[in-house]
Amino acid sequence: MGGSNPPTSLFGKGVFVGFVLELRGVCKSYGGFRVLRGIVFGVGQGEFVVIRGRSGVGKTTLLNIMGLLDWPDEGRVFFEGVDVTGLDEDD
């Protein structure tokens with residue numbers, strides 16, 4: 001990822017180059033407690049990913065952000081190269 005161009009997507013053409021899902025600098029806090037700090041993460045097409053860790057370290061929060069069920073306080077979420085951070089049901 002370092003120094004490379006952001007991924008591009010060609011909707012309707014069945015072509016995608018880059019990460020299918022990407023998080024850039026994602027942070028999330030609850031009640032002043034920072035759960036996620038500057039997460040940078042990408043998943044390519046066909047990849048399987050495991051997220052593991054102790055109880056209370058932010059796994060569910062990360063999955064909720066990745067699944068667009070919650071939004072980061074800082075940072076961006078990209079799906080097929082499109083910034084989907086903060087989209088609502090109408091978008």
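Rule-based calculations on the coordinates, nothing more; no lab input. Just so it is clear, the model here is predicted, and its values are computed rather than measured. Cβ sites come from the backbone with ideal geometry, for glycine too, and all protein chains shown count toward neighbours.
Here the Karplus relation 6.51 cos²θ - 1.76 cosθ + 1.60, evaluated at θ = phi - 60°, turns the backbone of the stretch 64-73 into coupling constants of 5, 5, 4, x, 6, 8, 8, 10, x, 6 Hz, with x for every Gly and Pro.
Residue ranges 20-29, 53-62 sort as 20-29, 53-62 when ordered by packing (mean number of other C-beta atoms within 10 Å per residue, highest first). Dipole magnitude for the stretch 22-76: computed about the Cα centre from +1 point charges on Lys and Arg Cβ and -1 point charges on Asp and Glu Cβ, it is near 240 debye. Quick check: residue separation of residue 40 and residue 74 times 0.36 nm, minus the Cα distance between them. What number comes out in nm? Additional length available on full extension: 11.1 nm. The fraction of all Cα pairs in the stretch 21-91 landing in successive 10 Å bins from 0 to the largest distance is 19, 54, 24, 2, given as whole percents.
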